[in-house]
Amino acid sequence: MTEVGEKKKVVAKNSNVKSIPFATESFVPTPEIKNLWNTVHEALREEFGEAVFRSWLKPLTLQACYHGALEVSVPTRFMRDWIQSHYSSRILELCTARNPELRRIEIVVVQTGMRDVAEEVAKPVAVKAKAPLKANENIDGEDAMGLSSPFDPRFTFDTFVVGKPNALAQAAAMRIVESGNVPFNPLFLYGGVGLGKTHLMHAIGWELKKRAPEKTVMYLSAEKFMYQFVRALRSNETMNFKETFRSVDVLMIDDIQFMAGKESTQEEFFHTFNALVDQNKQIVISADKAPSDLTGLEERLRSRLAWGLVADIQPSTYELRLGILQSKRALVGADIPDAVLEFLALKVCSNIRELEGALNRIVAHADVTKSVITLESTQDVLSDLLRSHDRRITIDEIQRKVAEHYNIRLPDMHSARRARQVARPRQVAMYLAKQLTSRSLPEIGRKFGGRDHTTVMHAVRKIEELMLEDTQIAQDVEICRRALTG
Ligand code: ADP
Ligand code: MG
C-alpha cells in the first residue's frame, strides 16, 4: 500500500475542527497525490459537464493531504457548503477508487484575496428601511425610458416552492439578494419552459426592492431589450439607451435565447454587459439552455455568460409538483382533496405552468357550478387535457426515448439480454409504458420481446421502489417522462 501524503502531525480522525494549517510543509501533497487529484478533477469535468464544472468544481484546489484525508479549497463559504452537500461524496468515491487509503475529503475556504466573500457571507445583512409594498406596485416609470418591465406580484420567494430540481437556482437567487454585494456575475439561470426562471427573477426584483430600495433594478425580456434597442436606433436615442442601461445596479434579462441570430443586439448587449461587470453591478440572465448550447449567440458572449454562476432548473419531480399544488391550494383557500392534488401531480407533469392551469380550471369550474371538487369531477373537467397526453404516447416512442436517454440500442428493449445496463433501462421503459399509456400488462409484455405480464409488474414495482431511494433513477425517469409528455 502506498502512503498517502506525508504527515508529521496526528489529526483526530473525526474531528471537524479546521485548525490544521493547510499547505504547511508537512502536509504538502506528494507528486503522486497531485497526479491523482488532477485525474479526479478531470473526471469531474467529464462527469458533470462543462457548465457545472466551471461554476463549482474548477476552483477546487488541492491544498494538503494527511491521514487519509485530502484537503481541497474553494474561494467562498457558499461554494464550500454547496460542494459539500452535492459533490463531495462523489469526489471521495473518485479518489478512493484511485487510492483506497483516501477516506475523507476536507473542503476548506481559502480566499483568493480579490474579494472577501467568506467574510461578507458571515456578516449579517444590513436590512434597509423596508418600504411597504402594495400588491400591484411595480418598477415601471422608474427609468426615464420605461425600459423595465413590471414584476408580477405572485412571483416572490415566499410563493416559490423549493425542491431538488430547483434548489441550486433558488439558493443562488437568494444569495444575490442577501449578500448586498455581487457574489457572482452573472447569475445564469437555465431550464425548460415553465419551470420557474421568470418567477425567480421577479422574486429577486421584489426582494431587492424591499431590502435595498435605493437600487435601480431593471428587468426585461431579451425580446424587449432588442425592441427597445432598435427603437432607440431609429429615433437617434442610442446614447440615452446606453446610459440608461449602464446606470442600473442590477440588470436582469429574461430568455436570452431570443437574441440568437440578432447580431447587432448581441453586440450592444455584450458592451452593456461588460460595462456593468466592470462597475461590479449585478447581472442575472435566464435562458432555456446552458450557455454553451446557445448556438445562435456569438462565442465571446456565450463564454462571457458562463463566467459567473450557472444554475440549472431540472424538470420537476412528483414531490415538487405535489408541493407546489399544496402551496397553491393554501393560497387559493379552496377545498381540494389530497387525492386530486396527487392525481394532478402524477398526470400533469410537462411543466409547472400547465399544472397551475389545470388547478385553476378545476377551481373555476367548482366555483361556477357551485359544486365540490372530487377526483371524478377533476377527470371530467380536465378530460381534454388528460386525453391529449395519453393520445400521443405509444410504447414504441417510450422505448425509443428511453433507449436514447440511456444510450443503448433499440433492439435491446426486446432482447433477452439481462445485463444491468440494458435490463434497467428496459424496466424504466416498462414502468413508463404502464404510467403513460392505457395498455394492459400483457400487452406491454408482448411489446417487450414477448415477456410475461408478471415480468412487467415486477419491473413497475422495482422502478417505483428505486425511485424512492435512488435520485439518479428518479431523475432519469422524470427526464424521459418529460420528453414524452412535454
Ligand atoms: P419559466 O420562466 O421558467 O418558463 P415561470 O417562472 O414563468 O417559468 O413559471 C411558470 C409558472 O409556474 C409560474 O406561474 C410560476 O409561478 C410557477 N412556478 C414555477 N416553479 C414554481 C415553484 N417552484 N413554486 C411555485 N410556483 C412555481
Ligand atoms: Mg420565463
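The values are calculated or read from the model by the stated rules, or taken from the named source; none is laboratory data. Just so we're clear, the structure is a prediction, and the values are computed from it rather than from any experiment. With ideal geometry, Cβ positions are generated from the backbone for all residues, glycine too; neighbour counts draw on all protein chains shown. Accessible surface areas use protein heavy atoms only, side chains included; no ligands, DNA or RNA. Shrake-Rupley method; radii C 1.70, N 1.55, O 1.52, S 1.80 Å.
Yes or no: ALA171 in contact with a helix residue (DSSP H, G or I) (Cβ under 8 Å, 6 or more places away or on another chain) and either closer than 21 Å to ASP288 by Cα or more than 13 Å from ligand 2 (Cβ to nearest atom) (or both)? Against the criterion (in contact with a helix residue (DSSP H, G or I) (Cβ under 8 Å, 6 or more places away or on another chain) and either closer than 21 Å to ASP288 by Cα or more than 13 Å from ligand 2 (Cβ to nearest atom) (or both)), ALA171 qualifies. Looking at GLN421, GLN427, just one residue is in a helix (DSSP H, G or I) and open to solvent by less than 80 Å² (accessible area, probe 1.4 Å), and that residue is GLN427.
Please verify whether segment 304-321 includes one or more residues that are within 30 Å of LEU341 (Cβ to Cβ), part of a helix (DSSP H, G or I) and open to solvent by less than 10 Å² (accessible area, probe 1.4 Å). Yes, segment 304-321 contains at least one residue that is within 30 Å of LEU341 (Cβ to Cβ), part of a helix (DSSP H, G or I) and open to solvent by less than 10 Å² (accessible area, probe 1.4 Å). GLN435 meets all of the listed conditions (1) outside any helix (DSSP H, G or I); (2) of a type in the set (S, T, N, Q); (3) open to solvent by 40 Å² or more (accessible area, probe 1.4 Å) but one, namely (1). Taking the condition of being within 16 Å of ligand 1 (Cβ to nearest atom) and assigned to a strand (DSSP E or B), how many residues in segment 248-303 meet it? Within segment 248-303, residues that are within 16 Å of ligand 1 (Cβ to nearest atom) and assigned to a strand (DSSP E or B) number 7.
The condition (being assigned to a helix (DSSP H, G or I), under 25 Å from the mean Cα position of the chain (by Cα) and crowded, with 20+ Cβ neighbours inside 10 Å) is satisfied by just one residue among ILE479, ILE463: ILE463. Scanning segment 197-224 for residues that are in a helix (DSSP H, G or I), within 16 Å of ligand 1 (Cβ to nearest atom) and open to solvent by less than 50 Å² (accessible area, probe 1.4 Å) yields LYS197, THR198, HIS199, LEU200, MET201, HIS202, ALA203, ILE204, GLY205, TRP206, GLU207, ALA222. Checked against (1) part of a loop (DSSP other than H, G, I, E, B); (2) open to solvent by 40 Å² or more (accessible area, probe 1.4 Å); (3) within 16 Å of ligand 1 (Cβ to nearest atom), LEU331 meets all criteria but (1).
Inspection of segment 343-350 finds a residue satisfying the criterion of being part of a helix (DSSP H, G or I) and within 14 Å of ligand 1 (Cβ to nearest atom). Evaluated against (1) in contact (Cβ under 8 Å) with a residue 60 or more places away in the chain; (2) open to solvent by 70 Å² or more (accessible area, probe 1.4 Å), VAL368 falls short on exactly one condition, (1).
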